[in-house]
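Undergrad: First the structure, which I've put down as structure tokens, then a few questions once you've had a look.
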Amino acid sequence: MLERGNGVALWRQIHAQLEAAIASGRFGPGDRLPSEHSLSVEFRVNRHTIRRALSVLEEDGLIRVEQGRGSFVREQVVHYPVSRRTRFSENLSRQRRTPGNILLAAVDAEADQRVAEALDIGPGEVVTRITSAGEADGRRISYSTAFFPKTLFPGMVRVYRELKSVTRTLEHFGVSDYSRKQTRIIARMPTGEEARELRQPRNRPVLVTESVNVDESGVPVEFGVCLFASDWVQILVES
């Protein structure tokens with residue numbers, strides 16, 4: 001129940017009650033809060049008042065708002081180590097999270113200047129481009145594009161579609177192991193497409209890693225650009 005006329009704004013009272021419900025465990029990590037309509041009926045206020053309370057809860061880091069799905073109590077962030085040997089599935093499995101990988105596209109294309117420089121090939125040479133989305137416990141946390149020299153991995157599109165793993169695909173072509181030569185980390189705003197794939201608002205920044213992986217002889221085998229949802233992932237740089 002809200003106390004009207006006591007000098008405390010209604011949205012602040014709603015914010016306090018929802019905050020207390022989260023702190024008490026009534027709504028646990030990952031739980032969806034009642035809809036704006038349900039809350040407006042429960043508290044007998046308009047939806048604008050509910051939105052104000054939810055907006056501040058989101059700013060406080062207590063909830064996350066997913067477009068078209070609703071508001072959820074925020075779970076613990078994913079700690080994503082970046083080191084000489086970085087593997088998406090291994091990183092998540094160590095934290096007892098269930099990794100997921102969704103293939104969005106796998107095609108051959110011509111390398112632009114940036115990709116060519118990273119892979120030490122000529123501009124216009126053919127590379128295999130694999131675009132995928134990564135999940136942790138069924139939650140979308142990354143959107144990535146990786147490029148591989150076709151001269152080293154002919155027919156990679158077919159093999160990757162069968163094996164559904166970069167590591168296993170490279171093993172198929174004789175690359176038993178590979179390591180991270182360099183990683184560049186930046187933060188920026190996502191494009192509309194990137195925000196849709198990460199299922200987040202376009203006005204929320206993303207963390208971007210640009211990395212080059214090399215084989216045991218130091219030959220570049222992969223150039224990757226991975227976008228992480230900044231409210232889900234904390235990148236840890238390890239020596």
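Undergrad: Could you work out the percent of alpha carbon pairs in the stretch 1-160 separated by over 22 Å, rounded to a whole number?
TA: Taking all Cα-Cα pairs of the stretch 1-160, the fraction more than 22 Å apart is 60 percent.
Undergrad: Next question. How much length, in nm to one decimal, is gained on full extension between residue 77 and residue 90, taken as 0.36 nm per residue of separation minus their Cα-Cα distance?
TA: Taking residue 77 through residue 90 to full extension adds about 3.0 nm, to one decimal.
Undergrad: I've got another one for you. So for the chain, averaging the separation of alpha carbon pairs under 8 Å that are six or more residues apart and normalising by length, what relative contact order in percent results?
TA: Reported relative contact order: 18 percent.
Undergrad: Send over a whole-number figure in Å² for the accessible area per residue of the stretch 97-239, probe 1.4 Å.
TA: On a per-residue basis, 49 Å².
Undergrad: Treat each spin label as a single point 7 Å out from the Cα along the C-beta direction, and report the residue 20 to residue 126 distance in nm.
TA: Here the answer is 6.7 nm between the modelled labels.
Undergrad: Could you list the square roots of 5 times each eigenvalue of the Cα gyration tensor of the stretch 2-68, that is, the equivalent ellipsoid semi-axes, sorted largest first and rounded to whole Å?
TA: Output for the stretch 2-68: semi-axes of 19, 14, 11 Å.
Undergrad: I'd like the per residue volume of the convex hull spanned by the Cα atoms of the stretch 105-239, given in cubic angstrom.
TA: Taking only Cα atoms, the stretch 105-239 has a hull volume of 121 Å³ per residue.
Undergrad: Among 167-174, 141-148, how do they line up by average Cβ neighbours within 10 Å per residue, starting with the highest?
TA: Result, highest mean Cβ count within 10 Å first: 141-148, 167-174.
Undergrad: Also, quick follow-up: Run the helix sum for the chain: -39,500 (n - 2.57) per DSSP H stretch of 4+ residues, divided by residue count, reported at 222 nm to the nearest 500 deg cm²/dmol.
TA: -8500 deg cm²/dmol
Undergrad: Multiply the residue separation of residue 194 and residue 107 by 0.36 nm, subtract the distance between their alpha-carbon atoms, and state the gained length in nm to one decimal.
TA: Value of the extension gain: 29.5 nm.
Undergrad: Let me ask something else about it. So the label point goes 7 Å from the Cα of residue 137 along Cα→C-beta, right? Which residues of the stretch 65-94 then have their backbone N under 15 Å from it?
TA: Taking a point 7 Å out along Cα→Cβ of residue 137, the residues of the stretch 65-94 whose backbone N falls under 15 Å are 72-80, 92-94.
Undergrad: Taking the Cα centroid of the stretch 121-173 and of the stretch 1-32, what is the distance between the two, rounded to the nearest whole Å?
TA: Using only Cα atoms to place each centre, the spacing works out to 46 Å.
Undergrad: Within the chain, what whole-number % of the accessible surface is contributed by carbon and sulfur, with the 1.4 Å probe and all protein chains included in the calculation?
TA: Whole-percent figure for carbon plus sulfur exposure: 47.
Undergrad: Leaving out ligands and nucleic acids, note down the accessible area per residue over the stretch 14-96 with a 1.4 angstrom probe, in whole Å².
TA: 57 Å²
Undergrad: Here is a further query. At 7 Å along the Cα-to-beta-carbon direction for both residue 1 and residue 66, put a label point, then send me their distance in nm to one decimal.
TA: It works out to 3.6 nm between the two label points.
The values are calculated or read from the model by the stated rules, or taken from the named source; none is laboratory data. Keep in mind the model is a prediction, meaning the values are calculated, not measured. Counting neighbours? That spans all protein chains shown, and the Cβs are built from the backbone with ideal geometry, glycine included. Quick note on the areas: whole protein, heavy atoms, side chains included, nothing else; ligands and nucleic acids left out. Shrake-Rupley method; radii C 1.70, N 1.55, O 1.52, S 1.80 Å.
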